[in-house]
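The values are calculated or read from the model by the stated rules, or taken from the named source; none is laboratory data. Keep in mind that this is a model prediction, so the values were computed, not measured. Note that each Cβ is placed from the backbone with ideal geometry, even for glycine, and that neighbours are counted across all protein chains shown. Please note that ligands, DNA and RNA were not included when accessible areas were found on the heavy atoms of the full protein model with its side chains. Shrake-Rupley method; radii C 1.70, N 1.55, O 1.52, S 1.80 Å.
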Amino acid sequence: MLTMSSISKKFQGVRALDNVTMAAKEGRVLGLVGINGAGKSTLMNILGGVFKQDNGKIILNNKELTFNSPIDAYNEGIAFIHQEPQFFLTLTVAENIFISDLYMSKFPIVTDKKKMMQEASKYLAVLSADIKPQQLLEDIAIGQRQVIEIVRALTSGANVIIFDEPTSSLSLNEKDNLFRTIRKLKKEEKIIIYISHFLDEIIDICDDYLVLRDGKMVQSGLIKDTDKSDLSRMIIGQEIDRLERASINTDNKETILKVENVYHSNLLHGVDLELKKSEVLGIWGLMGSGRTELVRAILGLDRVPGGKCYMNENGQMKEIKKAELLRSVGYVTEGRHFDGLFLSMPVWKNVTSANMNAYKSKKLKFMDNKKERSKTEKFIELLNIKVPDANVRLANLSGGNQQKVIFAKWIDKGADIFILDEPTRGVDVGAKLGIHKIIRNLASQGIGVLLITSEIDEMVDLADRVLILCNGEIVSELSGNDINNANLMHFALEGVKE
Amino acid sequence: MNTQSKQLFGGITNILREDRKIRVNSIVGVLAVIILAVLSCQVKNFFSIQNVINVLEQVSSVGFFSLGLTCVLIIGGIDLSVPGVIMAASCLGGSYMIGGGNWILAALMILSVGIIFGFINGIAIAKGKMIPFIVTLSTLVLSQGIAAYLSASATIYGLPEDFFIFNAKIGIVPVGVIVFVLAAILLSIFLSRTKTGRCFFMVGENIETARISGINTTKITFLAYIISGVLAGTGAIFLTARLGTATATMVGDTVTNDTIAACIIGGASLNGGQGNIIGSVLGLIFITLIANCFNLLGISYYVGMAIKGLIIMAVIYIDVLRSH
């Protein structure tokens, strides 16, 4: 039994945690939920020895613990499973598992590989993972790598295992595997803490829950006594509005973008699609079905042979080079930190970065910073971006607000095609709705939106038409009331079988 | 956290971050002033006009390279080839002139050698996606080889009188200093006020985001190396005129280090996305003054070099302090 009782923690005078009590039991999964900034990470960082609490006690198996560093926590058997685990890619699975405590042979400087392989396969067998200890890490799929981190935790004798947003980069299939693993860990009588934004997952895998809001405990209890809408009400403190589904018939609309015959190495095998004015066109498929690759190929970001691209210019469909398309679309990428933002630049430089020509002064062609700032202030208000002013550096904004800045950038550019790849990844529930509204608004203004998402609800709420992508080919198209959870799930699972 | 406390919290971390950068910068500034004050008190003729002009001349001849390097650092690159390029350019122009060539043509030749090497670096790095460090290290060796070949490893001297117009003085200020100041002002405006200048910072900050935002990153990268090359060529003209000779060893080994250190003291970062011209020039003045003091105090060249090495180590650490 692990208890964190009456934990408080202040940062620079701001209460990050206020008298929070958490209890987790052996053989049960505790779901820790709350929006970004609710205090989940702070609480877990205290448990992991990263921060020290101002008040309160940590008690594990009737023993009070004091952590001065993460190593103390590790030695007490508390292990973190990270969102994106880090590994040595050129070493074997077994070596990665035992990296902090390698088995040595009789010659003290040589490692005992055989022993490591045996031990590793023993633990891998416990989780019935389809991984061989002698495989090189670089040959293991990203989704399977988490299993290796779990094994690493087990071999170090961990009894408390914390999963921090473990599914955000997993496909449905891999998620099932992870859940199977977690259930095995439950049988092994481990204490499991599970952090996630996805309430479906919490309901599915957890036995107990604890909801945090503004650093305070809102409620805790048994999952079987609650449901999704209850949880989300507790998380944001009010009923969340889901956007009313308002699918439009797009048969008569004008086509603004037509793509033919796109190939991408062995990922895409000749994809055609047509995007119409005012519609949200969803592309639904599993991770690895080629969704992101399709977009990158259309935009000419990856060099691919073949494929033609036509754009509507005054009613005429005109063929354009793929690289040119990038100049006329707004592209919200999958990983905003990788290719969406200039993190150490202020908000206003980010907002105007795709449309700088509009801010050149008439005579000297200098950038008109004042104009840029005032335009940015307008977007801050229009899109409800939570930031004190336009001069704040982007690194200091929350994920949802960063994402809104990216939307502002493309709206400012005046793009009439938006390509959105996982537009609400890592964004909390409140901001998600804001982004959904923005997307709807864009479409109602005549913009064509191409939407890629792994979240079934998002697709159902937003898309007017959905193309099902499977193994690099478009296998089906849904529209109107056919776009529902059951149908999309069916197609996603079909993909797994093949 | 509610919205208000969230904003407050964000605000505080923001101030802390900014504060740290400002703090590091002001510590650097104060330290620089103290070091210079202490040193200059020890030195007799430090503020004599002759010494000030001397320092300015030294600053301007290395200064052209630090201007170019600032641009290259901002886009997240590096240019190590500059010293070699200068020597190759000088030796080509010098040997052409002592062979009876026209001095104007010679000056143009020197300039174009700079541009050609900027072009090679730019193509290799921007188009060929090769690593800047290795590319410019290779072109450094290449250009050093060319310089040694052209000069036959001997000193080229006896340049025509007309060429020394580049070492003339207007009043008491050498032409080179004036051109340098003009170049610095123009480049500073270019980087801080124009769209292309903004693009330099964007490419250095995050080249992927820049590409998605519709910026032609290849063009920007290429342009930075061309600017570096043009400035190397310009610097080479004034340096040749000032020294009156051209050799394959005319630029010291420490120049690259000195200019990189100057830029970083002035706010540039080896990680790209940061930097400004005024800072780089001030940094260069600092580095030059230190060397000047050592010189006037009679500290041996090698001891001075060792001390400078330590200072540069400290400067690289400043870069780390500023960015984390």
Checklist entry - From A:Ile406, A:Ile419, A:Ile468, which residue is farther than 25 Å from A:Asp339 by Cβ, crowded, with 21+ Cβ neighbours inside 10 Å, touching a Gly at 6+ places or on another chain (Cβ under 8 Å) and of a type outside the set (Ser, Thr, Tyr)? => result A:Ile468
Next on the checklist: So, restricting to helices (runs of 4 or more DSSP H) that lie completely within the stretch A:413-498, which ones have at least 3 residues that are at pLDDT 85 or above?
Outcome noted: A:429-444, A:456-462
Next on the checklist: Condition (residue is in contact (Cβ under 8 Å) with a residue 12 or more places away in the chain and more than 14 Å from every other protein chain (Cβ to nearest Cβ)) applied to the stretch B:187-206: is it met by at least one residue?
Outcome noted: yes
Checklist entry - For A:Phe80, which of the numbered conditions (1) part of a loop (DSSP other than H, G, I, E, B); (2) of a type in the set (A, V, I, L, M, F, W, C); (3) open to solvent by 30 Å² or more (accessible area, probe 1.4 Å) fails to hold? => result (1)
Item to check | Residue under evaluation A:Val151, criteria (1) modelled with pLDDT of 85 or more; (2) over 30 Å from A:Lys115 (Cβ atoms), criterion not met | outcome: (2)
Next on the checklist: Where the second residue is outside any helix (DSSP H, G or I) and the first is closer than 22 Å to A:Ile235 by Cα and lies in the stretch A:431-455, which pairs have Cβ atoms under 6 Å and are six or more apart or on separate chains?
Outcome noted: A:Lys432/A:Thr424; A:Gly434/A:Asn384; A:Ile435/A:Pro423; A:Ile435/A:Thr424; A:His436/A:Leu243
Checklist outcome for this item: Filtering the stretch A:260-282 down to residues that are open to solvent by 30 Å² or more (accessible area, probe 1.4 Å) and small (Gly, Ala, Ser) yields A:Ser265
Next on the checklist: Looking only at strands (runs of 3 or more DSSP E) that lie completely in the stretch A:294-347, which have at least 1 residues being in contact (Cβ under 8 Å) with a residue 24 or more places away in the chain and within 14 Å of another protein chain (Cβ to nearest Cβ)?
Outcome noted: A:329-332
Next on the checklist: With the condition being in contact (Cβ under 8 Å) with a residue 12 or more places away in the chain and either open to solvent by less than 10 Å² (accessible area, probe 1.4 Å) or within 14 Å of chain B (Cβ to nearest Cβ) (or both), I'd like the strands (runs of 3 or more DSSP E) fully within the stretch A:1-75 carrying at least 2 qualifying residues.
Outcome noted: A:2-11, A:14-24, A:28-33
Checklist outcome for this item: Of the residues in the stretch A:174-231, those that are open to solvent by less than 60 Å² (accessible area, probe 1.4 Å), part of a strand (DSSP E or B) and within 14 Å of another protein chain (Cβ to nearest Cβ) come to A:Leu212, A:Val218
Next on the checklist: Quick check on my filter: what residues within the stretch A:352-374 are open to solvent by less than 70 Å² (accessible area, probe 1.4 Å) and either more than 11 Å from every other protein chain (Cβ to nearest Cβ) or in a loop (DSSP other than H, G, I, E, B) (or both)?
Outcome noted: A:Thr352, A:Ser353, A:Ala354, A:Asn355, A:Ser361, A:Asp368, A:Ser374
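Test B:Phe64 against the stated conditions and say whether it is more than 14 Å from chain A (Cβ to nearest Cβ), at pLDDT 75 or above and more than 24 Å from the chain's Cα centre (by Cα).
When the stated conditions are applied, B:Phe64 does not pass them.
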